[in-house]
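Read through the structure below, which is laid out as structure tokens, and then see the notes.
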Amino acid sequence: MKLTILGCYAATPRSITNPTSQVLEIANQMFLIDAGEGTQVQLRRRKIKFQRINHIFISHLHGDHFYGLIGLISTFTLLNRQSDLHVYGPKGIKEVILLQLRLANSFTGYKLFFHELTSKDSQVIYQDHKVRVTTIPLDHRVYTNGFLFEELSDQRKLRLGAIMDYGIDKCYYQKIKDGSDITLDSGQVISNKELTYDPEKGQSYAFCSDTKYSEAILPIIQGVDVLYHESTFLDSESHYTEHTKHSTAKQAAKIAELAKAKTLILGHYSTRYSDITLFKQEAQSVFQGQILNADDGTIFNL
């Protein structure tokens, strides 16, 4: 699992920082999460191949999380994209993007699908045989979702010793991996559990930005491998969290601790702070696991 941070700062872009956008590579697939201003520039800067992105997940309709989407969609057209593009985000995102395309008389040469979200309950919004994506309802000033990405391990591991003892031919190996029992020439049925081990648990990644502190998300992210949780403020500015509906580094750490996450990545820092290592220092007083500071251009091989 590989995470590339294109931008991780709150509010407006600056010459030295970028708003929220990141690329997650999991199970040999690439997903774009949020698209703040300048996302396509950051993709080029990080030498990420545009054409590998087929699914874009937008958490909410604040500019620092989706204003870069229309530029990226337009650039795909200029690059003669042919493959379908799927966008998952709050209701209204289709109207916003299509209005801009219509007024610019610049419709795409590829199929553009919008999957608009309205539910305040967690739901699966994407799944194939390798990855499942589930929404994480967040508490922000507008309708907002985080996203839980889970790598699916559907194939069982062969107990080669047992298989050889029964003299089972290699042509049945895939069938056994898929979970089937095997009937020998003698008519004896060998259960799959006797021939295989349980599949290894796949990796998981939870993206939670923007939100105030909320323990309601814990059942969804419990036991997650990696949690990215916004940490807009340090504890000295915690009085801002209630009306802005953002979190502090300590609050993000408490969520990680309660969720039994293995790794916490901090981000979405307010630009009032010049030293982001202070966020990690505060989080370390609460969370006992690994804590990492996101920063623009950082690549995490997880």
Subject >> Sparse-neighbourhood loop sites, trypsin sites (Lys or Arg not before Pro) in the stretch 1-57 - DSSP loop, at most 11 other Cβ within 10 angstrom >> reply: Arg14, Lys47, Lys49
Subject >> Volume in Å³ per residue [convex hull over Cα atoms, computed for the chain] >> reply: 158 Å³
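Cα convex hull of the stretch 145-280: how many Å³ per residue? Numbers along the way, then the final one.
Working: hull volume 18.7 nm³, N = 136.
Once divided by residue count, the hull of the stretch 145-280 is 137 Å³.
What does the charge dipole of the stretch 196-302 about its Cα centre add up to, to the nearest 20 debye, if the Cβ of each Lys and Arg holds +1 and the Cβ of each Asp and Glu holds -1?
For the stretch 196-302, the charge dipole is close to 140 debye.
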**OP:** At 1.4 Å probe size, with no ligands or nucleic acids counted, give the accessible surface of Thr271 in Å², nearest ten.
**Re:** 50 Å²
**OP:** Arrange the residues His55, His129 by how much accessible surface each exposes, largest first, with a 1.4 angstrom probe.
**Re:** His129, His55
**OP:** Would you kindly find the accessible area of Ser285, with a 1.4 Å probe and non-protein molecules such as ligands, DNA and RNA excluded, rounding to the nearest 10 Å²?
**Re:** 80 Å²
**OP:** Could you tell me the largest-minus-smallest coordinate of the C-alpha atoms of the stretch 127-174 on each of the three principal axes, in descending order and whole angstroms?
**Re:** 63, 16, 8
Subject >> Under 26 Å from the Cα of Lys262 - lysines, other chains or at least 8 residues apart >> reply: Lys2, Lys130, Lys157, Lys201, Lys212, Lys245, Lys250, Lys254, Lys280
Subject >> the stretch 40-92: Rg to Rh, with Rh as the Kirkwood radius over Cα pairs >> reply: 0.95
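Please arrange Val96, Val124 by accessible surface area, largest first, computed with a 1.4 Å probe and ligands excluded. Kindly include the intermediate steps, with their values, before the conclusion.
Working: Val96 50, Val124 80 Å².
Order by accessible area, largest first: Val124, Val96.
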**OP:** Please list, or write none, the aspartates and glutamates whose alpha carbon is within less than 17 Å of the alpha carbon of Lys111, excluding same-chain residues fewer than 8 places away.
**Re:** Asp84, Glu95
Subject >> Accessible surface, per residue, of the stretch 177-302 when the full set of protein chains is kept, probe 1.4 Å, Å² >> reply: 46 Å²
Original post:
Mean residue ellipticity at 222 nm from the helices of the chain, using -39,500 (n - 2.57) per DSSP H segment of n ≥ 4 over the full residue count, to the nearest 500 deg cm²/dmol?
Top reply: -6000 deg cm²/dmol
Subject >> Portion, in percent, of the accessible area of the chain that falls on carbon or sulfur, probe 1.4 Å >> reply: 48 percent
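Local charge sum around Val41 (other residues, Cβ-Cβ under 14 Å, Lys/Arg +1, Asp/Glu -1)?
Details: positive: Arg14, Arg44, Arg45, Arg46, Lys47; negative: Glu37, Asp296.
Spelling it out: positives minus negatives among the neighbours equals +3.
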**OP:** Leaving out ligands and nucleic acids, note down the accessible area per residue over the stretch 1-159 with a 1.4 angstrom probe, in whole Å².
**Re:** 45 Å²
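Counting other Cβ atoms within 10 Å, which trypsin sites (Lys or Arg not before Pro) in the stretch 152-241 have at most 16 and lie in a DSSP loop?
Numbers: sites: Arg156, Lys157, Arg159, Lys170, Lys175, Lys177, Lys193, Lys201, Lys212; in loops: Arg156, Arg159, Lys201, Lys212.
Sparse-neighbourhood loop trypsin sites (Lys or Arg not before Pro): Arg159, Lys201.
The values are calculated or read from the model by the stated rules, or taken from the named source; none is laboratory data. What you see is a predicted model, and the numbers here were worked out from it, not measured in a lab. Neighbour counts run over all protein chains shown; Cβ positions are idealised from the backbone, glycine included. Note: areas computed on protein heavy atoms with side chains; ligands, DNA, RNA excluded. Shrake-Rupley method; radii C 1.70, N 1.55, O 1.52, S 1.80 Å.
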